1. Please report, ordered by residue number, the strands (runs of 3 or more DSSP E) entirely within region 204-321 with at least 3 residues that are of a type outside the set (A, V, I, L, M, F, W, C) and surrounded by 14 or more Cβ atoms within 10 Å (Cβ to Cβ).
2. Pairs needed: first member in region 246-274, under 21 Å from residue 320 (Cα atoms) and of a type in the set (Asp, Glu); second member anywhere, open to solvent by less than 40 Å² (accessible area, probe 1.4 Å) and assigned to a strand (DSSP E or B); C-beta distance under 6 Å; at least 6 residues apart or different chains.
3. For a quick check of your reading: which strands (runs of 3 or more DSSP E) sit entirely within region 1-78 and have at least 2 residues that are at pLDDT 80 or above and not aliphatic (A, V, I, L, M)?
4. Only residues in region 340-357 that are more than 12 Å from residue 298 (Cα to Cα) count as the first member; pair them with residues that are among the basic types (Lys, Arg) and at pLDDT 90 or above, Cβ under 8 angstrom, at least 6 apart or cross-chain, and list the lot.
5. Of the residues 371, 360, which single one is open to solvent by 60 Å² or more (accessible area, probe 1.4 Å), over 50 Å from the mean Cα position of the chain (by Cα) and in contact (Cβ under 8 Å) with a residue 60 or more places away in the chain?
6. Is it fair to say residue 338 is over 17 Å from residue 372 (Cα atoms), of a type outside the set (D, E, K, R) and assigned to a loop (DSSP other than H, G, I, E, B)?
7. Can you tell me how many residues within region 327-361 are of a type in the set (Phe, Trp, Tyr) and closer than 17 Å to residue 291 by Cβ?
8. When you scan region 17-45, how many residues do you find that are of a type outside the set (A, V, I, L, M) and surrounded by fewer than 11 Cβ atoms within 10 Å (Cβ to Cβ)?
Amino acid sequence: MRTIKVSLAWMFIWLFTSTISGQVGINTQNPQSTLDVSADNSTVAPGVIAPRQTRQQLIAKAAGYTMNQKGAIVYITDISGAGSTATSNITQVGYYYYDGSLWQPFTSSSGVSVDSWSTTGNSGLSATHGNNYLGTTDAVDLVLKTNGTERMTVTSTGNVGIGTATPSNKLHIKDTTNPMKIEGLVASGSTDDRPMVVGLDGTVRTGTFPVVNLVPDDVGTVIAIDGKLLVAQEITVLMTADFSFSVSPTVPPAIGNLTNVIIDNKNSFTSNSTTNSFRVEADGVYLVTMNVQMATSGQPVIGIWCNTAEVGYPDGKWVARVNDVAASVLQTYTLITAINMYASKTYSFRVAGAAAGTIPWKSSGYTGEGPISFYSLKRLR
């Protein structure tokens, strides 16, 4: 026993050389730090091997690690089995050190964690989805920056913001002008496709394709105004009884009995036995057609009267008319013209003459009879 002790003593003296300051050298007589290990010239593999443990073995010894063991180093050889709070950062085989509460992975010579993503690419990642990832393990947002400026945020709740640090939707893109551009889209032949619509608040949703009527669903003539198809306003009326009028030197009478309404597609025409009036839906040019048979003895006039007072015309005025300086007992007068008319004014079909007269509603004879007086208005543009 004594011989063994002496041999061990000499072996330690040979292996370790301790300076006065407490430095220890292995294979060197001039240690340069607290512990200086140098390789010798033998064929033995040089190096220092830390205690090798599996994660489960380290968990079983958790009670032995306190603040007094802060800085302890181990090499994890296997990570199978469930982890613990202290070993939550042990996610792969390698070196770890104890920081007083958690085991932390070592960093490489460049200062980047061996468990970090490399700027030149990574390899050897787990094929199981979610084992390796870029992100956080706590309820803290993930922020990406370029040139020191925040560009994208992934919140802890899963919302992604580009140009905003507080995204309100799963994908929230914000910029001062045109924040999104998509290139390379191809046409789809599917009849099940739905359009993408953008709300006033910028939220993108699916919509429905509108039903487009190339011919508007209305009665009348289709015209194009300002690039849009619309049904022109039309009024066509016939008389249902004769109308007699008297001489009126200032304001001509509106023609009554225009109660057979053939078309009034904007519901603007009114009439009874003594008068009529109408309005136009929009400012524009309107075609006026009047065909009136009249029995009078002097200077008959038919036309369109503007009922709305104007400066110099407190009772209104003619805006379209045809007249004759003389008349026979029964004469037919026709007015066909186009005039500007305005939605702010009211109009009427009127008649006047130097003598009283009658407008018959029909023409009759031994061969038959039919309506003769015709009144029409249609928008052109």
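The values are calculated or read from the model by the stated rules, or taken from the named source; none is laboratory data. The structure displayed is predicted, hence computed values, not measured ones. We place every Cβ from the backbone using ideal geometry, glycine too, and count neighbours over all the protein chains shown. For the accessible areas, the whole protein counts, side chains as well, though only heavy atoms, and no ligand, DNA or RNA atoms are used. Shrake-Rupley method; radii C 1.70, N 1.55, O 1.52, S 1.80 Å.
1. Working: elements: 204-206, 222-225, 228-231, 234-238, 243-245, 260-264, 284-296, 301-306.
Filter on region 204-321 gives 284-296.
2. Qualifying pairs under 6 Å: 264/235.
3. 52-54, 73-78
4. 343/279; 345/279; 346/279; 347/279
5. Working: 360 fails: open to solvent by 60 Å² or more (accessible area, probe 1.4 Å).
371 is the lone residue from the list that is open to solvent by 60 Å² or more (accessible area, probe 1.4 Å), over 50 Å from the mean Cα position of the chain (by Cα) and in contact (Cβ under 8 Å) with a residue 60 or more places away in the chain.
6. Details: over 17 Å from residue 372 (Cα atoms): yes; of a type outside the set (D, E, K, R): yes; assigned to a loop (DSSP other than H, G, I, E, B): no.
For residue 338, the condition - over 17 Å from residue 372 (Cα atoms), of a type outside the set (D, E, K, R) and assigned to a loop (DSSP other than H, G, I, E, B) - is not met.
7. First pass over region 327-361, keeping only residues of a type in the set (Phe, Trp, Tyr): 333, 342, 347, 349, 361.
Within this subset, residues satisfying the condition of being closer than 17 Å to residue 291 by Cβ are 333, 349, 361.
The number of residues fulfilling the criteria is 3.
8. Filtering region 17-45 down to residues of a type outside the set (A, V, I, L, M) leaves 17-19, 21-23, 25, 27-34, 36, 38, 40-43.
If we keep only those that are surrounded by fewer than 11 Cβ atoms within 10 Å (Cβ to Cβ) too, we end up with 21-22, 29-30, 32-34, 40-43.
Number satisfying all stated conditions: 11.
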